[in-house]
Amino acid sequence: MTTPRNTPKTGTWAEVLADSIAPRCPRLTSLKVRFPHIILPQVLTHRVFSRNTSSSRAIPVARLIADVERDPFIPREWRYSADRGMQPGEVMSAEDAEESLADWTDALRFNRGRARKMAKRGNSKEHVNRILEPYAHVSMIITATKWKNFLKLRLDSHSQIEIRDLAEAIRDAMAASTPHEIRIGEWHMPYGDSSDRMQSAACCARISYDSHDGGKATPKANLRLADGLMADGHWSPFEHQCCAGINPAHRGNFAGNWMQQRKIMEANE
C-alpha cells in the first residue's frame, strides 16, 4: 500500500542554498534538506559530504514534540519482510497496511506522551528526544562536489524508499538550479548575503538547533558563535565556505581547486 507524498515544506524536501562553479573548480552545491530521522545513519555514510545536522541534544523537547505533532514521519509504503537480505518483500495488502499504520501511530502517541512526562520530570533533551526520533525529521546542510555515487546508490529501486525520496529531492533541486560562475579568489557561501564567511559559518552551525532560518540572530551574535566554535575546535560549519583557488592544497573532501575555509584555518593555526 502506497500513500501520497507529503506536501512541500513537510516531509522530505531539498532546497539549494548556494551553487557555484569556477575555473578548475567543479560545481559545488550547498543544500538544506529535510528527511526522516530513521535514515540519518545511511546519509552519514557518504563521507564526501560536508554537513551539519539538527541535533536531538540541542532542540528543545517542546519544539520537537510540536514538530512531530505537526508533521510526523509515517511510512508511506508498508511491505512484508523478505526471507533474507536488506530489501523488504512484497507490498502489504490493504488490510495489513491499515493495521501497520494503526500500530505505528499508537506507538507514536505512546512515545509522545512519555516524552512529555520525562520532560516534566526534568530529563535532559539528549534522552527525551531520542524516543521521538523514529517519528521525527532532521534538517541538514550538505555541501559537496561529488554527488554521482550518492545518487546512483540511493535512486536505485532497491534502496529504502525514504532515502530514495531524499535522493530524488536532491536530484530535482540541483537540476532546477544553475551554478553561479565565480572567479578565482571569490567565495562560495551558503547564507552568505553579507559576504562575511564567519556569518555564513554561524548560520550553518545554527542548524543544530534547527533555528537558523528564523532571522533572529544578530550579526554580533553570529560572530560570537563563530568565535566560540573556533575556540572549541568545532570546525564542521567552516567546511561549507570555499574559495576558488589555483591549486588543490586546501580542498578537503571536495574536488578541484576549491579551498575549504576549514582547511585554510587549520593550516594557519
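Just check the range 127-269 against the gyration tensor rule for me: Cα atoms, a ≥ b ≥ c as the square roots of the eigenvalues, rounded for a/c under 1.5, and otherwise prolate or oblate depending on whether a/b exceeds b/c. Verdict is oblate for the range 127-269.
Full extension of the chain between Ile246 and Arg84 yields a length gain of 53.3 nm, computed as 0.36 nm times the residue separation minus the alpha carbon distance.
Would you please give the FRET efficiency between Ala255 and Ser93, computed as 1/(1 + (r/R0)^6) with r the Cβ-Cβ distance and R0 = 51 Å, to the nearest 0.05? Mind showing how you got there, number by number?
Numbers: r = 47 Å, r/R0 = 0.93.
Calculated value: 0.60.
Does the range 59-111 come out rounded, prolate or oblate by the C-alpha gyration tensor, with a ≥ b ≥ c the root eigenvalues, rounded set by a/c under 1.5 and, if not, prolate when a/b is larger than b/c and oblate if not? Here the range 59-111 falls in the prolate category.
The slack in the chain from Lys146 to Ser195, taken as 0.36 nm per residue of separation less the alpha-carbon distance, amounts to 15.1 nm.
The simple spin-label model puts a point 7 Å past each Cα toward its Cβ; for Leu40 and Arg27 those points are separated by 2.9 nm.
Could you give the length gained by full extension between Glu77 and Ile161, i.e. 0.36 nm per residue of separation minus their alpha carbon distance, to one decimal place?
Values: separation 84, 0.36 × 84 = 30.24 nm, distance 0.80 nm.
Between Glu77 and Ile161, full extension yields 29.4 nm more.
In terms of distances greater than 26 angstrom between alpha carbons, the cross-link table entries Lys125/Lys148; Lys146/Lys220; Lys220/Lys263 yield Lys125/Lys148; Lys146/Lys220. Going by a ≥ b ≥ c, the root eigenvalues of the Cα gyration tensor, does the chain fall in the rounded group (a/c under 1.5), the prolate group (a/b larger than b/c) or the oblate group? Cα axes put the chain in the oblate bin. Report summary: the helix-based calculation at 222 nm, which adds -39500 (n - 2.57) for every DSSP H run with n ≥ 4 and divides by the residues of the chain, gives -11000 deg cm²/dmol. So, in nm, how far is label Ser100 from label Ser124 when the simple model puts each one 7 Å beyond its Cα toward the Cβ? It works out to 3.6 nm between the two label points. Computed across the range 1-156, the Kirkwood radius stands at 17.8 Å (inverse of mean 1/r, all Cα pairs). In this label model, Leu153 and Ala231 are separated by 3.8 nm, measuring between points 7 Å along each Cα→Cβ vector.
Values quoted throughout were computed directly from the atomic coordinates according to the rules given, and no laboratory measurement underlies them. Note that the structure is predicted; figures quoted are calculated from it, not measured. Every residue, glycine among them, receives a Cβ derived from its backbone with ideal geometry; neighbour counts consider all protein chains shown.
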